[in-house]
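The values are calculated or read from the model by the stated rules, or taken from the named source; none is laboratory data. From a predicted model like this one, the values you see are computed outputs, not experimental measurements. Virtual Cβ from ideal backbone geometry, glycine too; neighbours counted across all protein chains shown.
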Amino acid sequence: MDFARFLDVLRAFERERVDYVLVGGVAVNLHGILRATEDIAFFVRPEPENVERLRAALRSLWDDPEIDEIRAEDFETYPTLRYGPPGEELVIDVLTRLGTAFSYGDLEWERVTIEGVAVRVATPETLVRMKRDTLRPIDRADAAALARMFGIEEA
């Protein structure tokens, strides 16, 4: 993943006031557990105004008509969208819920600063809750590593 483009996305989200929380492998990395990841995963508030801000942020980076196809009502049926900007290897996963276990409002987050860019990142406790019971071995490994590092009971 191109770190500079990652920062561009964060800057665009902040500039457009997107309600988001960074989750996934990048969030794990920001908490000090280094591992490879090829995508950026964000939970976003699924309200129409916020989805419009999300589109504005993405349009500020890419001239891609597919961005206009992102609609709040689609998240009611499909809670995850995978966006790959044209001509780039970057992949952005936009989530509004994970089954019935997590929605945007369930996430605890904290603000961290990376190279002058403010980032809303899921707390280690939230990431452990999200990752500990998944089917993917990498998620379970992330949860265990975060639990050890931060003294979190995995329950």
With touching a strand residue (DSSP E or B) at 6+ places or on another chain (Cβ under 6 Å), on the phi < 0 side of the Ramachandran plot and free of Cβ contacts under 8 Å to residues at least 40 places away in the same chain as the only criterion, which of T80, T134, T100, T113 stands out?
T80
Matching residues in segment 61-89 - criterion: being buried (at least 16 other Cβ atoms within 10 Å of the Cβ) and out of contact with any Gly (no Cβ under 9 Å at 6 or more places or on another chain):
L61, I67, I70, A72, F75, L81, Y83, P85
Residue match in segment 116-136 (condition: touching a helix residue (DSSP H, G or I) at 6+ places or on another chain (Cβ under 8 Å), assigned to a strand (DSSP E or B) and surrounded by fewer than 19 Cβ atoms within 10 Å (Cβ to Cβ))
yes
R45 passes all but one of the listed conditions (1) buried (at least 17 other Cβ atoms within 10 Å of the Cβ); (2) closer than 17 Å to K131 by Cα; (3) of a type in the set (D, E, K, R); the exception is number (2)
Quick one: R132 ticks every box in (1) of a type in the set (K, R); (2) under 21 Å from F13 (Cα atoms); (3) over 15 Å from the mean Cα position of the chain (by Cα) bar one, so which box is it?
(2)
Criterion first (assigned to a helix (DSSP H, G or I), within 11 Å of the chain's Cα centre (by Cα) and either modelled with pLDDT under 95 or crowded, with 17+ Cβ neighbours inside 10 Å (or both)) does A27 satisfy it?
yes
